[in-house]
Amino acid sequence: MRGIVGTRFGLLVALVALGPAAGCSMGWTQGWKLDGEIPMPGSPDAEALRVTARAADAQAVSREGVEAEVRAWKDVLRAAPQDYEALWNLSSAYTLLGAGYARSIGEKGEFYRKALQSAERAMALDEGFRNRINLGAETWDAIEVLPAGQADAIGWWATAVMRMYNECLSGVVQETRKVWQDRDVKVLAHLQALAPAWGGSLAIYDRAVTAAAMPKRAGGDLAKATTLFDEAIAASPDSLRNLWGRARYLATEKSDKDGFQKDLSRVVGQDPKAVPGPYGWTFLFQREAADLLAHESYWF
């Protein structure tokens, strides 16, 4: 799969060429309704399997590497079906597959659905959340009862929704599904209250991307986006995603070539081992930043 270069044109071509099957709806079977993994026979050492899965992140620099990480966390679940760490890490890994290694729009959407389902399985470990669901609440409404210990599940759920909306739907369809933006904003507001720095200040970043990427009639506002990106970067200066996002979504819209080059050069120039967060995501943002710099004439 090519990097981020040509995304807007590439998605349009794919959707036109492949028709409705190429897109992805904003619906899925909730994670708590799915069957779990087949239990591992014997008396497996769940902690040893966790150590193996954590180590797999260092090799998550290709589709095969991320798929191996997915298998490793699934092995943990075969030994410990209620393992929260395994479930939210599965959500992260599936989101990474969709963001960097999907071979089609349809497959991208499927990875994001699996990310949502894994996060929902993690949320369903919380009794208060389960009670709200059993009373008929939707996921995005029930999330408001989750405590700070569920921040990883909330954050990856919101990330998968945001990426599915931005990457799988055409601009016209996005405007007819704007309710999903509103739901994501609600979820991220709860995350902001629980853990404002989670994921490099994801709640602020998501609002910044929306303000930069959407047309004015749908809430786009470049001045607001500028303020929000600055706020996200000030709050989480070590986040490569914030710098990458400001270059990709804001600098390109403002025709700010100098800002584009400075932010992406900072991303590429970081020591990946010193950046907080999953290494697979650090690798992806650095790869895509280099790709953007190598093809800046496409954007300017």
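So in the range 253-298, with the set limited to residues that are at pLDDT below 95 and in a helix (DSSP H, G or I), which one is farthest from residue 68 (Cα to Cα)?
Across the range 253-298, the extreme among qualifying residues is 274.
Kindly provide the set of residues from the range 28-50 that are of a type outside the set (Lys, Arg) and without any contact (Cβ under 8 Å) to a residue 24 or more places away in the chain, ordered by number.
Listed by number, the residues that qualify are 35, 41, 42, 43, 47, 48.
Return only the number of the condition from (1) farther than 30 Å from residue 104 by Cβ; (2) in the same structural domain as residue 111 (by TED's automatic domain parsing); (3) among the polar types (S, T, N, Q) that residue 166 does not satisfy.
Of the numbered conditions (1) farther than 30 Å from residue 104 by Cβ; (2) in the same structural domain as residue 111 (by TED's automatic domain parsing); (3) among the polar types (S, T, N, Q), the odd one out for residue 166 is (1).
Please find, among 240, 222, 228, 191, the residue that is at pLDDT 95 or above and in contact with an Asp or Glu (Cβ under 7 Å, 6 or more places away or on another chain).
From the options 240, 222, 228, 191, the qualifying one is 222.
The values are calculated or read from the model by the stated rules, or taken from the named source; none is laboratory data. For clarity, every value in this text was computed on a predicted model and none was experimentally measured. Every residue, glycine as well, gets a Cβ built from its backbone with ideal geometry; the counts of neighbours run over all protein chains shown.
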